[in-house]
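Please read the structure below before turning to the comments.
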Amino acid sequence: MSDQTNATETHSFQAEVGRLLDIVANALYSEREIFLRELISNAADACDRLRYRALTAPELIEGDTEFAIDLSTDAEAGTLTLSDNGSGMTHDELVENLGTIAKSGTSNFMQQLTGDAKKDVSLIGQFGVGFYSAFMVSSKVEVTSRAAGDDAAFTWTSDGKGAFTIDPASRDGRGTTIVMHLKDDAKEFLEEQRLSHIVKTYSDHIPLPIRFHGPAPELPGAEDEEKVVDVGPRQLNEASALWTRSKFDIEDEQYTEFYRHVSHGFDEPSMTLHFRAEGVIEYTGLIFIPTARPFDLFHPDRKSKLKLYVRRVFITDECEDLVPSWLRFLRGVIDSEDLPLNVSREMLQNNPVVAKIQAGLIKRIISELTKMAEKDAESYEAFWDAFGAVIKEGVYESAEHRDALLKLVRFKSTTQPGLVSLAEYIERMKEGQNEIFYITGEDAEVLEKSPQLEGFNAKGVEVLYMTDPVDEFWIGQVPEFEGKALKSVTRGSAALTDIKAEDADKDGEDKPEESADDAMEISALVTALKGSLGDAVKDVRKTDRLTASPCCLVADEGAMDIHLERLLKQHNQLNQSSPRILEINPDHALIKAMAAKATENMDDAAQLLLDQARIMEGETLPDPAAFARRMTDVMTKALG
Ligand code: ADP
Ligand code: MG
C-alpha cells in the first residue's frame, strides 16, 4: 500500500465490470431480492476465511470470536446496511475485488447473457459477480472495510456508473459494512418482514447468526447514541450448519437453497446425498449433483469445488485430492472428524485421511449412479447429457474404476432412439458380429451421413456415435468390453461380410455374384488409381462398406483414427497427416464405368474421386484450384 494519503482516490471500473454494472443496474429484475443472498454469502465467506486463518493466528480474532452478520435499516435515509466481522479487506483488496480486476467469470458471464432478464439475473451468482448485484436495488453503495489485523479502514463508494472512490475511514474492529442507498422502487427492502423472509428463504442454513437490528441503524462510528432506538437484535435464520442436522428435519427446499449457496447455481440438484460415514474414519457428506452444467465445467484447470470442513470449520474449497477431476461436477460439503483443526492446505496433499474420504466418495457416487441408471432411466439420461463427457474422463484416467464406469457410459446409436449402454449393444449384436462398432466425430447429425456407415446401415448393424472429444482418448484404453473388441468404422477393413442381416433382401446377399470379368476390371482400376494417386493415399481397395457412395476414406488398421488426427491437428498437437486408404464401392455405377476404362489415363478422375472422399470427411482440399479445374472440365464435357 503505497500512497495512502487522506485524499479521495478515484478509480475506473475495469471495462468488463463497467458493462456488467450497466446491465445489472438498468434491468428491472423480478428476482432482485437475490442481492441479499449474494451479500450474505460474501459475508459468510469472509467469516469462514478468517476463522480458518485464526486457527494458526488466533490473535486475528482476539476479543471478538463470535462471528455474525448484522442487518439494519434507516427509513429516513433510505438505506439498508449489512455488516460482518469477517476478514475485511485492505485498501488494495477493496480496489481489486470490487472493481478493477474482472474475475475470470465476468467475461464468460457477458458472453452467455441471453437478453432474457430472468435468465440473465440467475446467471449473476453463478458467475461469481455477486457483489455487483447490490446495484440492482441501490443507486449508491458504500463499503467500509477494515482487514483483520489492520488498524486502517477505507470506504469504497460508487453509484455503479464507470467509477468508484476510495476514502480513508474508521471502523470499530475488523470486518465489512455495506450501506446501500436504496433506489426509489426498492424501498421494500427497508421492511423487516421482507428482509426476514428473504433471509429464511435463501440463507437459513448459513451457520452464523444473521441478526436484524431495530428500525434505527447503528452505523459504524455513529456518534449520536441517543437517536438510536434499538429494540434489540432479532435472529432471522436457524444458523446451524445444514449438514449437521438430521435429514428427517430438513425440507427439500432447504436442501435446494443450500445447494444453490454452495454451487452458486440456480437450478435444482438432480441428486442429493446426505450421509454420515462411520468406521475407520468419520465424516459427514452433503453432496449434490447439479441439473445444469456449470459454465466452467470444461475449464482447462478441471478443478473440483467440494468444500472441506473440519469439525464445522471451513478449511478450503480447493482440495485437489478430495474428489477426482472426473467427478468435478459434484457440489457440496465434506466435514471431517479426523483431520486436525489446524490442518494447512499444504498438509492436505497426499493426506491418508483425505485419500480415504475420496475413495469412499467415489464408491458411493458410482453406486448411486448405477442405481439411478437402473431405476430411473429418464433421470439418468438427463444426468448423462449434462455430465457424461466428464465421467468418460474417468474411464480414461482411472484404471481402478474403469470397469464400473464403463457400465455407466451411454451413447447415441445409429439404430436406437435415446441412449444405449455397451451391455445393451452387445445384447442386440447380429449373428456373426463380434465387435462393437463406433464412429467418432463432432456430432451425431453430421456423422449420420458418413459414407462409412452405409454398409452397416444396410445390414441393420448398430454403430455407436462417439461425439465427445474425450472419446478418442478413453477408447484407446479400452480395447474391449465383455470380450467384444471396440472397432472404429473409419479404421481398418469393414469386417461386414460375416455378419448376417436380419433382412436378407437389404444386405445384398442376393446380389448377383460378381463376374470374373468384373473382378478383373475392378482390380485393374485399383491398380490404375494407385498409380495415379501415388503417395496421396496409403492404399486403394474395394469394400463392402459402401452402398450409395462411390468411395470413402478410412484410416489404416494400425494408424490413428481420422477424427482423432483432425482433433490433434486443430490443437496443434500434430502437424502432418498420415495417408489414408481410399475404398471404392465395386457396385457403384461410377466405379463400374471407371473400371471399364481402367486402361486409359485415370489421373483426373482419380483425383476427383479422392477429393470427393475428402469433402465427405469434412476436410479442406489440399489443392482446391485443381479440384475446380477438373470439375469444370468434367461438367463442360458432360454438358457439351
Ligand atoms: P465471489 O463471492 O464469487 O468471489 P463477489 O462479487 O460476490 O464474488 O465478491 C468479490 C470479492 O470481494 C470476494 O471474492 C471477496 O474477496 C470480496 N468480498 C466481497 N464481500 C466481502 C466481505 N463482506 N468481506 C470480505 N471480502 C469481501
Ligand atoms: Mg459472492
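The values are calculated or read from the model by the stated rules, or taken from the named source; none is laboratory data. Owing to the predicted nature of the structure, the values given are computational and were not obtained by experimental measurement. Backbone-built Cβ (ideal geometry, glycine too); neighbour counts: all protein chains shown.
Within the range 409-425, take every residue that is polar (S, T, N, Q) and in contact with a strand residue (DSSP E or B) (Cβ under 8 Å, 6 or more places away or on another chain) and give me the one that is surrounded by the fewest Cβ atoms within 10 Å (Cβ to Cβ).
Filtering the range 409-425 for residues that are polar (S, T, N, Q) and in contact with a strand residue (DSSP E or B) (Cβ under 8 Å, 6 or more places away or on another chain), the one surrounded by the fewest Cβ atoms within 10 Å (Cβ to Cβ) comes out as SER421.
Going by the conditions given, is PHE314 within 16 Å of ligand 1 (Cβ to nearest atom) and aromatic (Phe, Trp, Tyr)?
yes
Test GLU565 against the criterion of being acidic (Asp, Glu), surrounded by fewer than 20 Cβ atoms within 10 Å (Cβ to Cβ) and at pLDDT below 85, and give yes or no.
yes
If you go through the range 31-51 one residue at a time, do you hit one that is within 14 Å of ligand 1 (Cβ to nearest atom), among the polar types (S, T, N, Q) and part of a loop (DSSP other than H, G, I, E, B)?
Among the residues of the range 31-51, not one is within 14 Å of ligand 1 (Cβ to nearest atom), among the polar types (S, T, N, Q) and part of a loop (DSSP other than H, G, I, E, B), which makes the answer no.
Suppose we keep only residues that are farther than 30 Å from LEU308 by Cβ and at pLDDT 55 or above within the range 201-221. Which one would you say is surrounded by the fewest Cβ atoms within 10 Å (Cβ to Cβ)?
Selected residue: GLY221.
With VAL343, VAL353, VAL333 as the choices, which residue is part of a helix (DSSP H, G or I) and surrounded by 18 or more Cβ atoms within 10 Å (Cβ to Cβ)?
From the options VAL343, VAL353, VAL333, the qualifying one is VAL353.
Which of the residues that make up the range 53-74 are within 14 Å of ligand 1 (Cβ to nearest atom) and surrounded by 22 or more Cβ atoms within 10 Å (Cβ to Cβ)?
Answer for the range 53-74, where residues must be within 14 Å of ligand 1 (Cβ to nearest atom) and surrounded by 22 or more Cβ atoms within 10 Å (Cβ to Cβ): ILE69, LEU71.
What single numbered condition from (1) closer than 30 Å to GLU238 by Cβ; (2) more than 11 Å from ligand 1 (Cβ to nearest atom) fails to hold for ALA77?
The failed condition is (1).
Out of the helices (runs of 4 or more DSSP H) lying entirely within the range 86-160, which hold 2 or more residues that are at pLDDT below 90 and either of a type in the set (Val, Ile, Thr) or within 16 Å of ligand 2 (Cβ to nearest atom) (or both)?
Of the helices (runs of 4 or more DSSP H) lying wholly inside the range 86-160, those with at least 2 residues that are at pLDDT below 90 and either of a type in the set (Val, Ile, Thr) or within 16 Å of ligand 2 (Cβ to nearest atom) (or both) span 104-112, 117-126.
Evaluate the range 160-175: report whether one residue or more is within 20 Å of GLU38 (Cβ to Cβ) and free of Cβ contacts under 8 Å to residues at least 24 places away in the same chain.
Scanning the range 160-175 turns up no residue that is within 20 Å of GLU38 (Cβ to Cβ) and free of Cβ contacts under 8 Å to residues at least 24 places away in the same chain.
Looking at the range 587-611 only, could you name the residues that are buried (at least 20 other Cβ atoms within 10 Å of the Cβ) and under 16 Å from ARG545 (Cβ atoms)?
Of everything in the range 587-611, those that are buried (at least 20 other Cβ atoms within 10 Å of the Cβ) and under 16 Å from ARG545 (Cβ atoms) turn out to be ILE591, LEU609.
Among the residues of the range 33-73, how many are more than 16 Å from ligand 2 (Cβ to nearest atom), more than 22 Å from ARG234 (Cβ to Cβ) and either within 26 Å of the chain's Cα centre (by Cα) or not polar (S, T, N, Q) (or both)?
Qualifying residue count, the range 33-73: 12.
Provide a single number: the residues in the range 2-30 that are surrounded by 12 or more Cβ atoms within 10 Å (Cβ to Cβ), at pLDDT below 80 and more than 16 Å from ligand 2 (Cβ to nearest atom).
Matching residues across the range 2-30 total 5.
I'd like to know if the range 248-269 contains one or more residues that are of a type in the set (A, V, I, L, M), within 17 Å of ILE206 (Cβ to Cβ) and within 16 Å of ligand 2 (Cβ to nearest atom).
Yes, the conditions are met somewhere in the range 248-269.
Just need a number here: residues in the range 165-179 that are more than 13 Å from ligand 1 (Cβ to nearest atom) and either crowded, with 17+ Cβ neighbours inside 10 Å or in a strand (DSSP E or B) (or both).
So the answer is 5.
Check GLU583, GLU557, GLU565 and return the single one that is more than 39 Å from the chain's Cα centre (by Cα) and of a type outside the set (Phe, Trp, Tyr).
GLU583
Quick one: is ARG245 among the charged types (D, E, K, R), at pLDDT 80 or above and within 16 Å of ligand 1 (Cβ to nearest atom)?
no
Are any residues in the range 284-318 under 11 Å from the mean Cα position of the chain (by Cα) and of a type in the set (Phe, Trp, Tyr), and if so, which ones?
Within the range 284-318, PHE295, PHE298 meet the criteria.
Taking the options LEU369, LEU406, name whichever one is in contact with a strand residue (DSSP E or B) (Cβ under 7 Å, 6 or more places away or on another chain) and surrounded by 14 or more Cβ atoms within 10 Å (Cβ to Cβ).
Answer to the selection: LEU406.
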